[in-house]
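K.L.:
Right, I'll just put the structure down here and ask away after.
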Amino acid sequence: MSAYPGTLPNPTRDGYGLEPQSGTVRTDMEAGPARSRRRFTRVPTQATLHWIFTEAEFAVFEAWWAQVTLDGASWVDMPIANGGGINSLSARFIGPYKAPMKGLGYEVSARVEVQALPQLTAEEFAVSSSYPPGDITYGSPVLHALIHSTLPGYW
């Protein structure tokens, strides 16, 4: 799969946003509460991305858009951020990008559809939901005690 050019800057934090799509179906009943069920397990997420490009970087972006993404129709690996950090994920453009001039460059924005965002495993979730985020850091005494005192008995 083709990738986002490494010579271009990653999307900026300004205006960045994730919008998970619904993976459930809801049925209203004649009486009582509505019922809902999971429709599928891999729920796509839409992301709003913004870049600040110089004129030369924008020329590379335009060529990449036209030749590699086939005007946004093809899936490509792009840097996408979520709770797990910035990862190279499969995404495709939902529509054309917008590129108003800003100073000496371009402020490009676009919406992309991401196939699957990385998530914590069940084990990672169990640990992270049991301890405050500040305690789960490298070298944390609580994490050290968990790994070296509590968990060795389970292995």
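The values are calculated or read from the model by the stated rules, or taken from the named source; none is laboratory data. Computed from a predicted model, the values in this text were never measured in an experiment. Quick reminder, even Gly has a Cβ in these numbers, built from the backbone with ideal geometry, and neighbours come from all protein chains shown. We work out accessible area using only protein heavy atoms, side chains counted, and drop any ligands, DNA or RNA first. Shrake-Rupley method; radii C 1.70, N 1.55, O 1.52, S 1.80 Å.
K.L.:
Scanning the range 28-43 for residues that are in a loop (DSSP other than H, G, I, E, B) and charged (D, E, K, R), which turns out surrounded by the most Cβ atoms within 10 Å (Cβ to Cβ)?
P.N.:
Within the range 28-43, the subset in a loop (DSSP other than H, G, I, E, B) is 28-34, 39-43.
Filter once more, so that each one left must be charged (D, E, K, R): 28, 30, 39, 42.
Details: Asp28: 8, Glu30: 4, Arg39: 11, Arg42: 7.
Filtering first and then ranking leaves Arg39.
K.L.:
From the list Thr7, Thr24, which residue is open to solvent by 70 Å² or more (accessible area, probe 1.4 Å), farther than 20 Å from Val76 by Cα and hydroxyl-bearing (Ser, Thr, Tyr)? Can you show your working first?
P.N.:
Working: Thr7 fails: farther than 20 Å from Val76 by Cα.
Unique residue meeting the criteria: Thr24.
K.L.:
Residues being small (Gly, Ala, Ser), more than 14 Å from Tyr4 (Cα to Cα) and assigned to a strand (DSSP E or B): count how many of those fall in the range 82-109.
P.N.:
In the first step, residues of the range 82-109 are kept if they are small (Gly, Ala, Ser); the result is 83-85, 88, 90-91, 95, 99, 103, 105, 109.
Subset that is more than 14 Å from Tyr4 (Cα to Cα): 83-85, 95, 99, 103, 105, 109.
Now restrict to residues that are assigned to a strand (DSSP E or B): 85, 105, 109.
Adding up the residues that qualify gives 3.
K.L.:
Considering the range 73-86 alone, what residues qualify as being in contact (Cβ under 8 Å) with a residue 24 or more places away in the chain and open to solvent by less than 50 Å² (accessible area, probe 1.4 Å)?
P.N.:
Scanning the range 73-86 gives Ser74, Val76, Asp77, Met78, Pro79, Ile80, Ala81, Asn82.
K.L.:
Cβ-Cβ below 9 Å, separation at least six or inter-chain, first residue in the range 97-124 and without any contact (Cβ under 8 Å) to a residue 40 or more places away in the chain and more than 30 Å from Leu146 (Cβ to Cβ), second of a type outside the set (D, E, K, R) and not in a strand (DSSP E or B): which pairs?
P.N.:
Close Cβ pairs satisfying both conditions: Tyr97/Phe61; Tyr97/Trp65; Tyr97/Gly72.
K.L.:
Out of all the residues in the range 30-46, which are over 21 Å from the mean Cα position of the chain (by Cα) and at pLDDT 85 or above?
P.N.:
Glu30, Ala31, Gly32, Pro33, Ala34, Arg35, Ser36
K.L.:
Moving on to the next point. Do we find a residue being free of Cβ contacts under 8 Å to residues at least 60 places away in the same chain, farther than 16 Å from Arg111 by Cβ and open to solvent by less than 30 Å² (accessible area, probe 1.4 Å) anywhere in the range 58-72? Give the steps one after another, and end with the answer.
P.N.:
Taking the range 58-72 first, the residues free of Cβ contacts under 8 Å to residues at least 60 places away in the same chain are 58-63, 65-67, 70-72.
Next cut, farther than 16 Å from Arg111 by Cβ only: 58-60, 62-63, 66-67, 70.
Within this subset, residues satisfying the condition of being open to solvent by less than 30 Å² (accessible area, probe 1.4 Å) are 58.
Yes: the range 58-72 contains one or more residues that are free of Cβ contacts under 8 Å to residues at least 60 places away in the same chain, farther than 16 Å from Arg111 by Cβ and open to solvent by less than 30 Å² (accessible area, probe 1.4 Å).
K.L.:
Turning to a different aspect of this structure: Would you say Val114 is β-branched (Val, Ile, Thr), under 15 Å from Gln46 (Cβ atoms) and crowded, with 17+ Cβ neighbours inside 10 Å?
P.N.:
Taking the combined requirement at face value, the residue satisfies it.
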